[in-house]
Amino acid sequence: MSAPETAPETPAHVPLLRRPGIAARLGVLLGVCVVICFATGIFSHWIQHPPSWFVTPRSPAWLYQLTQGVHVASGVAAIPLVLLKLAAVYPKLFERPMIGSPVRLLERAATAVLVASMLFQLFTGLLNISQWYAWTFFFTTTHYATAYLVLGAVAVHLAIKLPLVVAEFRRRTAESVTPGLPRRAVLTAGIAAAGLAVVTVGSQSVPALHRLGVFAPRSGSGPQGMPVNRTAAAAGVATSAHSGDYRLVLAGPTPVELTLEQLRAMPQHTARLPLACVEGWTQYGWWSGVRVGDLAALAGLEGRNLRFVSLERGPYGQSEMDHAQVTDADTLLALRLGGEDLDLDHGFPCRLIAASRPGVQQTKWISRIEAVR
Ligand SMILES: Nc1nc2c(c(=O)[nH]1)N[C@H]1C(S)=C(S)[C@@H](COP(=O)(O)O)O[C@H]1N2
Ligand SMILES: [Mo]
């Protein structure tokens with residue numbers, strides 16, 4: 001009796017995810033997400049730490065909402081794609097020889113860096129937007145540095161794999177005679193999973209979809225219909241903000257101290273502006289208060305870049321603004337939100353609000369305005 005014949009290898013016996021061309025196509029989708037995420041991330045970094053050549057864009061008011069929304073969306077979409085891609089290629093990660101030739105060593109080292117840095121970046125990013133700060137390092141600096149590591153590793157990986165990717169895409173015509181459905185099904189599933197992932201965080205900015213925001217803890221509304229990032233109690237300002245001793249200090253050539261009553265007596269302006277958090281959510285509100293340009297003029301601070309100091313101590317307790325935005329008619333020291341006095345958690349007695357500015361720079365509980373340098 002002869003041994004049973006082994007069936008010839010047909011596409012049907014190749015696990016769905018390992019079919020030719022799938023890894024390459026997932027890689028292209030992932031690469032697009034990475035580039036978009038990097039570009040919008042670097043933009044956010046420049047806005048917050050402007051290099052000397054960088055001109056901070058001041059309009060449209062929703063610009064930062066858009067770029068940061070796209071940043072978070074592309075990062076979140078990349079998570080299911082990277083997991084699918086790993087599932088498609090993981091047997092290769094354990095192929096022998098482990099080391100081999102120098103070129104192979106380089107390739108494997110680059111892959112190790114790529115996988116590790118990308119998983120680290122995407123998952124810490126996801127935890128951050130989910131407000132689960134489960135680490136001791138300072139997130140933004142680490143996130144920024146790792147972004148370059150990911151981009152560099154992607155570039156090396158692409159340089160090594162480019163011929164393979166091109167070959168995979170060329171094969172397309174030859175393959176169209178075999179049933180193409182499974183591959184397309186995998187890619188469709190990948191894109192659908194990426195889309196679903198975006199919904200789990202993006203829905204926080206769409207009131208009707210709040211319940212879908214499982215990775216978006218700020219879903220739903222805080223006081224005055226606006227989510228709260230850090231409460232007054234957490235910032236340690238609950239007492240000082242309500243104190244009768246409160247004064248706004250304008251530390252200019254003509255020093256001025258204003259009580260809340262005096263601030264209320266100044267000309268008030270109203271603007272509809274978004275709070276666009278770096279963590280992806282955006283919420284619009286009607287803000288009313290004193291124009292920062294008027295306050296600067298009062299203290300002889302015209303033409304100066306300004307620093308806004310909060311009653312809160314610590315890294316989020318101050319922010320800076322260039323003189324061009326100081327004179328913007330919509331740059332306000334807001335006293336009211338939606339026609340009511342600011343809620344304590346939104347920055348009572350007053351907070352900064354200006355167009356196209358990351359939420360993290362819309363400093364709450366302002367007690368002092370001074371010139372930078
Ligand atoms: N003093 C102070 N201001 C702050 C913060 C803070 O922690 N402390 N958080 C900032 C961040 S990250 C955001 S997104 C907005 C959120 O404003 P809200 O809490 O009123 O929604 O406030 C900003 N202003
Ligand atoms: Mo934020």
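Read-outs throughout are calculated quantities, based only on the coordinates presented, and are distinct from any laboratory measurement. None of these values were measured; they are calculated from a predicted model. When we count neighbours, we look across all protein chains shown, and the Cβ atoms used for this are built from the backbone with ideal geometry, even at glycine.
Key figures
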| quantity | calculated |
| --- | --- |
| The chain, Rg to Rh (Cα coordinates; Rh as Kirkwood inverse mean 1/r) | 1.11 |
| Where the Cα pairs of the range 87-196 fall when distances are cut into 5 Å bins, in % | 2, 9, 13, 16, 17, 16, 13, 8, 3, 1, 0 |
| Cα shape, the range 241-307, gyration tensor, a/c 1.5 rule | prolate |
| GluC sites (Glu not before Pro) lying in DSSP loop within the range 281-373, provided at most 14 other Cβ fall within 10 Å | E302 |
| Pair F169, N305: separation of 7 Å Cα→Cβ label points (nm) | 4.2 |
| The range 258-373: C-alpha gyration tensor shape, a/c 1.5 cut-off, then a/b vs b/c | rounded |
| Phi to ³J(HN,Hα) by Karplus 6.51 cos²θ - 1.76 cosθ + 1.60 over the range 111-120, Hz, x for Gly, Pro | 5, 4, 4, 4, 4, 5, 5, 5, 4, 4 |
| Loop GluC sites (Glu not before Pro), the range 83-177, which have at most 12 other Cβ atoms in a 10 Å radius of their Cβ (DSSP) | E95 |
| Globularity index of the range 8-102, i.e. its alpha-carbon radius of gyration over 2.2 N^0.38 Å | 1.59 |
